Structures are given as structure tokens and as C-alpha cells.
Amino acid sequence: MANIHSSPHPLVAHKLTLLRDKRTEPKKFRELIREMAALLAYEATADLVLQAKQVETPLAETTGSELKEKIGLVPILRAGLGMVEGIWNLMPSAEVWHIGLYRDERTLKPVEYYNKLPVEPTIALCLILDPMLATGGSAVATVDVLKRWGVHKIKFVGILGAPEGLALMEKQHPEVPIHLAAVDERLNERGYILPGLGDAGDRQFGTG
Ligand code: URA
């Protein structure tokens, strides 16, 4: 699938293995999510548009660059929250917009329960953050919301993807690039990614 980018970076692979390990405690798990989110966002933003900016060094004036477009980070609650901080440190002028979706455990379909987006879009590029692209239901629903809001440049940044979720995104939103640490084998009957890392929300927040 053309728009899926699995990170080739050794640091990402190393940290992913620590994240998968069931013995990894919530504190370390949160730290790894934060670090991996930053590494993956670094890769996902390699094509950001720049504009020229004059700057005075202590010695001379020169032409530098600044980001041209306003970026929005859109964590999908609640597991996406842990990905915000690491990325926000890299781009402190980004806006953070929250969209709350939960997965109905029976239907496995996303239910929207929180959305305070203003009428007009305030950002040009959105990075949707969710560690797990499992069935793809939440990712597709979030892209739907952002497109309705009027944002046209959207990317998804996550940690693990399942072929089922990737296929759904490819079908519904083929132009949205997906940046992941890895693509796993499949979903189990409860919609969890295998081999995966378990419930990314529970493991971050200690609620498992
Ligand atoms: N959400 C999770 O947290 N883990 C999975 O494996 C799938 C969805």
C-alpha cells in the first residue's frame, strides 16, 4: 500500500520491542510512547513547507527558514494523549485539538463523544495521533471529522497498524499518509492487534 510508511529507524525498532514487553511498567511505557511519537513525527514531517525568514546572527544578517503552515496535533482520546508531548516539544507552536472517540466493545465501531472544534479550521496540516491503528474505525472517523472541518492536509502517526485497519484507511482515505513503527500480523476476535502490545490506553494509564 503506497501511503504506509513503516519506520526504518533502528531506534524505533529497539523502543518498539521494549513497548511490546508485557513487563514494561506504565511509567516506562509512557516514556517510550513519548519518545517514539517524536521519532515518528520527525519522519512524518520531512516534507513540511518552509518559507524564507530573515534572521540576524551576532555577526551578520542571513536568510533562514520558518514553517509556513500552521500544524495541528489531534490525539484520539485516550491512548493518543501520550503521543502529544514528545511531538509538541519539536513543534511548540502547534495547536492541539482533542477528538474523543471510544470503541463500542460489541460492535467495534467508533462512537464520537467529544469534539470542540471551532467552525472554521485554524490549521493547515493535521497530524492524527493514535498508537494503535487496529480496525481503522477511529482513524477513518477522525479523518471524516477533520475533512468536514475543512482541513485538507492530514497525516496519521501511530505506533502499530493491523492490515485490516490499513486496508480500511486505504479504501476510505487513500490520500492520507500513515506513519507507523511497524505493521503487525492481524487482529484477534476482540479487535486487538497481534502480536501487538496490548491495550495502549490501559498500559499508559495503569488501568489494565
Ligand atoms: N487498541 C489497543 O489499545 N490495542 C490494540 O491492540 C487494538 C486497539
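The values are calculated or read from the model by the stated rules, or taken from the named source; none is laboratory data. As the structure is a prediction and not an experimental result, all values here were calculated from the model. When we count neighbours, we look across all protein chains shown, and the Cβ atoms used for this are built from the backbone with ideal geometry, even at glycine. The protein model used for the area step is the full one, side chains on, heavy atoms only, and it has no ligands, DNA or RNA in it. Shrake-Rupley method; radii C 1.70, N 1.55, O 1.52, S 1.80 Å.
Of the residues GLU185, GLU189, which is of a type in the set (D, E, K, R) and under 18 Å from ASP104 (Cα atoms)? Give the derivation first.
Working: GLU185 fails: under 18 Å from ASP104 (Cα atoms).
Only one candidate passes the filter, namely GLU189.
Residues that are within 16 Å of the ligand (Cβ to nearest atom) and over 22 Å from VAL49 (Cα atoms) were ranked within the stretch 109-132; the one that is modelled with the lowest pLDDT is LYS109. In the stretch 150-205, what residues are farther than 17 Å from HIS5 by Cα, more than 10 Å from the ligand (Cβ to nearest atom) and open to solvent by 50 Å² or more (accessible area, probe 1.4 Å)? Matches in the stretch 150-205: HIS152, GLN172, ARG186, GLU189, PHE205.
Looking only at residues in the stretch 143-161 that are among the aliphatic types (A, V, I, L, M) and outside any strand (DSSP E or B), the one that is modelled with the lowest pLDDT is VAL145.
Being in contact (Cβ under 8 Å) with a residue 40 or more places away in the chain, among the basic types (Lys, Arg), out of contact with any Pro (no Cβ under 8 Å at 6 or more places or on another chain) and more than 20 Å from ALA139 (Cα to Cα): is that true of LYS22 here? Before the answer, list the steps.
Numbers: in contact (Cβ under 8 Å) with a residue 40 or more places away in the chain: yes; among the basic types (Lys, Arg): yes; out of contact with any Pro (no Cβ under 8 Å at 6 or more places or on another chain): yes; more than 20 Å from ALA139 (Cα to Cα): yes.
The answer is yes for LYS22.
For LYS171, the conditions (1) out of contact with any strand residue (DSSP E or B) (no Cβ under 8 Å at 6 or more places or on another chain); (2) within 17 Å of ILE99 (Cβ to Cβ) all hold with the exception of (2). Would you check if LEU11 is buried (at least 16 other Cβ atoms within 10 Å of the Cβ), part of a helix (DSSP H, G or I) and either at pLDDT 95 or above or of a type in the set (Gly, Ala, Ser) (or both)? No.
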